[in-house]
Amino acid sequence: MQKQNKEIAVAYWSIKGLGAPLRQMVLYSGTPLKCIFYKTKAIQTQDGLSVDSSHWHVEAKPALLKINPLINLPYIEAYDEDQKILVAQSIACMNLLGRVLDMQGSDKIENSHCEQLLCEIMDIRNKMVQFAYSQHTNHREVAANLFESTMVADRGHFGKIEIWLESKNASSENPYLVGNKATAPDFALFEMLDQYAELIRFFELIPGKSEQKGDILEACGKSNLANHYRHFRNSPKLKSYFQSQLNDLPFNEKRASFGSGKGGDRWNAELDEDTTPEVVRFN
């Protein structure tokens, strides 16, 4: 497949969330990237945090609905075999980028493995979303339960992926989930490892351990996942990502009780300010 040279647009809220793996895929491939950010406004009221999302729902979405009735965030604008296409829904976006960037496996079997892994990783994300967007009086206890069920348990979601990597003899030189090069689920997994490692660090679920997220994952007994995380975190192909404001975006939206501010902190409507530009380009 020829190298994709036409700019790809990734549109999402001004957070990492479902947008981070898509942005990383484009940058990793060396393709020009246009990041479109839709920002929410958080207002502290007596009843709690109120979030205004009219930038997307009122100002932008109605016009895009005329092009694609299924439009939502994230969405991708790309060229697939010289035809411009506008696609929404996160898994569809991952699959589209996998196809146009040659990150979907080398054959039908590897393609099926990519699809299977994306679904498994989405299950991991859903558990984090349920935790992050709920209000808990016993926040650390609930975080510890999430950590135990997903990361520590042998047959938890991360445990299954650790075994998957072990079964294909993954190493620090070849840490990839499918085949011997990066595919779409690698980027989805990296984002989840990054956020779960932050959960462990923020709530001190492994007291006294290093602040380095790769070391945190190693301390969980997940050496293959640690290798995977370190490989992508240190990849020269993602240097522009980690040195940019994309890496400074919060994990979650402003109403989340975890990861909506810096690191694991929550957004403070009185002190924090969303200074993300509406558009950022990487050539």
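The values are calculated or read from the model by the stated rules, or taken from the named source; none is laboratory data. A quick note: this is a predicted structure, and the numbers were derived from the prediction, not measured. Glycine gets a Cβ as well: all are built from the backbone with ideal geometry, and neighbour counts include every protein chain shown.
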Is it the case that Phe187 is more than 18 Å from Ala132 (Cβ to Cβ) and surrounded by 23 or more Cβ atoms within 10 Å (Cβ to Cβ)?
-> yes
Of all residues in region 252-279, which are among the aliphatic types (A, V, I, L, M) and out of contact with any helix residue (DSSP H, G or I) (no Cβ under 7 Å at 6 or more places or on another chain)?
-> Ala269, Leu271, Val279
Would you mind telling me which numbered condition in (1) at pLDDT 95 or above; (2) closer than 15 Å to Ser223 by Cα Glu141 fails?
-> (2)
Please state which of the following conditions Ala88 fails to meet, knowing it meets all the rest: (1) surrounded by 15 or more Cβ atoms within 10 Å (Cβ to Cβ); (2) under 30 Å from Lys181 (Cβ atoms); (3) in contact (Cβ under 8 Å) with a residue 24 or more places away in the chain.
-> (3)
Has region 91-101 got at least one residue that is touching a Leu at 6+ places or on another chain (Cβ under 9 Å), surrounded by fewer than 22 Cβ atoms within 10 Å (Cβ to Cβ), more than 21 Å from Asp194 (Cβ to Cβ) and of a type outside the set (Gly, Ala, Ser)?
-> yes
Answer yes or no: is there a residue in region 223-239 that is closer than 15 Å to Arg23 by Cβ and out of contact with any Phe, Trp or Tyr (no Cβ under 8 Å at 6 or more places or on another chain).
-> yes
Please give the number of the condition Ser112 fails out of (1) over 19 Å from the mean Cα position of the chain (by Cα); (2) of a type in the set (Gly, Ala, Ser); (3) buried (at least 18 other Cβ atoms within 10 Å of the Cβ).
-> (3)
Scan region 98-123 for residues that are among the aliphatic types (A, V, I, L, M), within 14 Å of Asp186 (Cβ to Cβ) and assigned to a helix (DSSP H, G or I) and jot them down.
-> Leu117, Leu118, Ile121
Of the conditions (1) farther than 19 Å from Glu218 by Cβ; (2) modelled with pLDDT of 95 or more, the single one that Lys168 does not satisfy is (2)
Quick check: is even one residue across region 206-228 small (Gly, Ala, Ser) and in contact with a strand residue (DSSP E or B) (Cβ under 9 Å, 6 or more places away or on another chain)?
-> no
Touching a Gly at 6+ places or on another chain (Cβ under 9 Å) and either surrounded by fewer than 19 Cβ atoms within 10 Å (Cβ to Cβ) or among the β-branched types (Val, Ile, Thr) (or both), is that true of Gln135?
-> yes
Do you know which residues across region 34-52 are polar (S, T, N, Q) and either modelled with pLDDT under 95 or more than 26 Å from Asn247 (Cα to Cα) (or both)?
-> Gln44, Thr45, Gln46, Ser50
When only residues in region 1-41 that are within 14 Å of Pro250 (Cβ to Cβ) and among the charged types (D, E, K, R) count, which is farthest from the chain's Cα centre (by Cα)?
-> Lys39
Does region 61-72 include one or more residues that are surrounded by fewer than 20 Cβ atoms within 10 Å (Cβ to Cβ) and under 25 Å from Leu177 (Cβ atoms)?
-> no
Some residue of region 70-80 being touching a Phe, Trp or Tyr at 6+ places or on another chain (Cβ under 8 Å), free of Cβ contacts under 8 Å to residues at least 24 places away in the same chain and assigned to a loop (DSSP other than H, G, I, E, B) | no
